[in-house]
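*Asks:* Dropping the structure in here first, questions after.
Nothing in this text is a laboratory measurement; each read-out follows from the coordinates by a stated rule. Everything quoted here is computed from the prediction, not taken from an experiment. Note that each Cβ is placed from the backbone with ideal geometry, even for glycine, and that neighbours are counted across all protein chains shown.
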Amino acid sequence: MATPILLLNCGSSSIKYQVIDAESEAVMATGLIQKIGLPSGTLDHTVAPGTTEERTEHLEQPIPDHAEALRLMTQAFADLGPSLAEVKAVGHRTVHGGERFRRTVRIDDSVIQGLRDLSPLAPLHNPPGIAGIEAAMATLPNVPHVAIFDTAFFSTLPAEAYTYAIDAELAATYGIRKYGFHGTSHSYVSKKAAATLGRDLDDLNQIVCHLGNGASISAIRGGVAIETSMGLTPLQGLVMGTRPGDVDPGLHAFLAREGMTIDEIDTMLNKKSGLAGMTGGTSDFRDLDALIESGDQAARLAYGVYIHRLVSYIGSYLALLGGVDVLVFTAGVGENAANVRESVCDRLAPLGFLIDDEANAVRSKQPRVISQPGSPVTIMVVPTNEELMMARETVAVLDEV
Ligand code: ADP
C-alpha cells in the first residue's frame, strides 16, 4: 500500500513541493510555486515525473501570500492528482532549529512558538517557513505535520568546533555558535556514498562538498558530523553564488563606519557577493564558464577564489579527520561542474586525491566513483535528494509515536 508523504520547502517568495510514496520511494508529484507576493506568480505541477504517465499544469496569476499559494497547490492536486486526501503526513523543511531542535519533530503549537523564537537567528528563512507550516496545517488539518531541520545533522559537532572565540556570556545569551546548514543533504549523501561503495558507514571518514547556489562542506566520521563550514547563519564558509563565505569579521564594522546601514550590509553579503559580487552579477557556473572562455579576467579570478577556498577547507578537514576515505561532491555545481571537481582534485593530488579524467567527464544522475583505481581517497559524485531524506525522516518520526 502506498504511503504518500507531502514534502514542503517554503521560501519567502517560492514553495517547492513533492509527494513521495514512502513505501516505494517513488516521486508521485512535484511542484514549484514562484513569485509569491509579486505582481504575477506562477505554479508548475507535475504528476508522475519522468514516467510515461507524466502530466503537467502551468498557471500564471497573482499569488499574494503562502495561504493562497497552498490553495492553488491544492487545486492543482484536485485537477491532476494524486489525491491529497491520501497523504499520510506532511514534512516541512525548516532551516534553523537553533539549540532547541536537534532532530526531526512533530509540529504542535509549542514547536511553532519555538520556531518564532528562533526567527532572529534566521530572519530570511524561518518566517516564511512558519507561514508555510501554518498554511499547510490549515489546508491539511487531519494529518501529522513534522519539521525537518537543516541544522539537525550538525547537532553532533563537538564544542571545539561549534564555539566561536567570543565573550562566552554574550554567546550564551543569544545562542551565538556554529549551527551548520544543508544537514539533510550532508546526511543523505554520506549514507548513500557508503551504501554505493558497499561499505559500513561507521568505518568511513568522509568529506562532503554540497556545492549549489548555497555551498557548504562537512567532515563526517563514522556517519557523525564533526565539522562544517556554515555557521550561525548560512553565510559562513565556502564561496557561494551570491554569498561570500568567510570574510574578516571586521568588515561589518568597517562598512558601517563608512556609512552603510545594517540592512545594506546584510543585502550585500546575502545577494551581491560570492561569484556574483566578484563578476558583476554572474552567480551560475554555466555563465561563469562562458565568461572565462571569452577571456573575462574577473570571472577567471572568481573561479580561482572559489577553488582556493574549497581546497583550503578540504585540507583542513583532512587534518581534522586524521585521514579521509571518501570525498563526495553533490548539489548543482558538485554534480554537474566536472571542471570544478577536476580543479579541486588536481590541487589535492599530492595528498592522495587521484581523479580519473574519463570517469569525471561522464554525465549521469547515478551515484558514482570518479577516482582512479587505487587512489588513496575514493572520490565520488552522489546526487543529493533532500526530499527523499525528508520523507524517510517524516516516516521515522511517525513510527515512534
Ligand atoms: P540551490 O542551492 O538553489 O538548491 P542547486 O543545488 O540547484 O542550488 O545548484 C544550482 C547551481 O548549480 C547553479 O547556480 C549552477 O551554478 C550550478 N549548475 C547547475 N547545472 C549546471 C551545469 N550543467 N554545469 C555547471 N553548473 C551547473
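*Asks:* Kirkwood hydrodynamic radius for the range 1-83: how many Å is it when counted over pairs of different Cα atoms?
*Replies:* Computed over the range 1-83, the radius equals 12.9 Å.
*Asks:* Taking the Cα centre of the chain as the origin, how large is its charge dipole in debye, to the nearest 20, when only Lys and Arg (+1) and Asp and Glu (-1) carry charge on their Cβ atoms?
*Replies:* 360 debye
*Asks:* Let me ask something else. Going by amide H atoms built from the backbone, whose H comes under 5 Å of the H on I370, apart from near neighbours?
*Replies:* Long-range HN contacts for I370: I379, M380, V381.
*Asks:* Further question on the same structure: Would you mind computing the Rg to Rh ratio of the chain from its alpha-carbon coordinates, Kirkwood style for Rh?
*Replies:* Over the Cα atoms of the chain, Rg/Rh equals 0.96.
*Asks:* Follow-up question, since we're still on this one. Using Cβ contacts closer than 10 Å as the measure, can you line up T282, T267 from fewest to most?
*Replies:* In increasing order of surrounding Cβ atoms, one gets T267, T282.
*Asks:* Also: Cut-off is 10 Å between beta-carbons; in what order do E68, E60, E160, E227 appear when sorted fewest neighbours first?
*Replies:* E160, E60, E68, E227
*Asks:* In µm²/s, what is D for the range 81-166 at 10 °C and 1.306 mPa s, where D = kT/(6 pi eta Rh) by Stokes-Einstein and Rh is the Kirkwood radius from Cα pairs?
*Replies:* Stokes-Einstein gives a translational diffusion coefficient of 114 µm²/s.
*Asks:* Using each residue's phi in the range 97-107, evaluate 6.51 cos²θ - 1.76 cosθ + 1.60 at θ = phi - 60° and report the 3J(HN,Hα) Karplus result to the nearest Hz, with x for Gly and Pro.
*Replies:* x, x, 7, 6, 9, 9, 7, 4, 10, 6, 8
*Asks:* Pull up the cross-link candidates among the aspartates and glutamates for K271, meaning alpha carbon to alpha carbon under 12 Å and not fewer than 8 places away within one chain.
*Replies:* Within reach: D263.
*Asks:* Let me ask something else about it. Return the long-range amide H neighbours of G37 (sequence gap of 5 or more, or a different chain), with a cut-off of under 5 Å between placed amide H atoms.
*Replies:* Under 5 Å from the amide H of G37 lie the amide H atoms of I63, D65, each far enough along the sequence or on another chain.
*Asks:* Rounded to whole Hz and in sequence order, give me ³J(HN,Hα) for the range 388-394 from the Karplus expression 6.51 cos²θ - 1.76 cosθ + 1.60, θ = phi - 60°, writing x for Gly and Pro.
*Replies:* Result, rounded to whole Hz: 5, 4, 5, 4, 5, 4, 4.
*Asks:* What list do you get for Y179, Y164 if you sort them by fewest beta carbons within 10 Å?
*Replies:* Ranking Y179, Y164 by Cβ neighbours within 10 Å, fewest first, gives Y164, Y179.
*Asks:* When the scattering of the range 257-388 is computed by the Debye formula from its Cα atoms alone, each counted once and equally, what is log10 I(q)/I(0) at q = 0.11, 0.17, 0.19 Å⁻¹?
*Replies:* Each listed q corresponds, in turn, to -0.48, -1.00, -1.14.
*Asks:* Pop a pseudo-label 7 angstrom from the Cα along the beta-carbon direction at both A159 and L124 and give the gap in nm to one decimal.
*Replies:* Taking the simple label geometry, A159 and L124 are separated by 3.2 nm.
*Asks:* Give me the distance between the Cα centres of the range 281-346 and the range 84-160, rounded to whole Å.
*Replies:* 32 Å
*Asks:* What's the extension gain from H252 to D266 if we count 0.36 nm per residue and subtract their Cα-Cα distance?
*Replies:* Contour length minus the Cα-Cα distance gives 4.1 nm.
*Asks:* How large is ³J(HN,Hα) for each residue in the range 60-66, as worked out from phi by the Karplus curve 6.51 cos²θ - 1.76 cosθ + 1.60 (θ = phi - 60°), to whole Hz, x for Gly and Pro?
*Replies:* For the range 60-66, the Karplus-derived couplings read 10, 5, x, 10, x, 8, 5 Hz, x marking Gly and Pro.
*Asks:* Based on alpha-carbon centroids, what's the gap between the range 354-401 and the range 241-276 in Å, whole number please?
*Replies:* 33 Å
*Asks:* Another question, if that's okay. In a GNM of the chain with a 10 Å cut-off on Cα contacts, which of A359, A161, A171 has the highest mean-square fluctuation?
*Replies:* Result: A171 has the largest fluctuation of those listed.
*Asks:* While we're looking at this one, here's another question. Taking a cut-off of 27 Å between Cα atoms, list the lysines near K365, but don't count ones fewer than 8 places away on the same chain.
*Replies:* Answer for K365, where 27 Å is the Cα cut-off: K16, K191, K192, listed by chain and number.
*Asks:* Measuring from label point to label point, each 7 Å out along Cα→Cβ, what is the T74 to L197 span in nm?
*Replies:* 4.7 nm
*Asks:* OK, next. Give the residues of the range 304-331 whose amide nitrogen is closer than 17 Å to a point set 7 Å from the Cα of D356 in the direction of its Cβ.
*Replies:* Taking a point 7 Å out along Cα→Cβ of D356, the residues of the range 304-331 whose backbone N falls under 17 Å are 326-329.
*Asks:* Per DSSP H run of n ≥ 4, the term is -39500 (n - 2.57); total these for the chain, divide by its residue number, and report the mean residue ellipticity at 222 nm rounded to 500 deg cm²/dmol.
*Replies:* Taking each H run of at least 4 residues, the total per residue is -12000 deg cm²/dmol.
*Asks:* While we're looking at this one, here's another question. How big is the convex hull of the Cα atoms of the range 48-129, per residue, in Å³?
*Replies:* It is 149 Å³ per residue.
*Asks:* Further question: log₁₀ I(q)/I(0) of the range 150-233 at q = 0.11 Å⁻¹, via Debye over equal Cα point scatterers, no solvent, to two decimals?
*Replies:* -0.31
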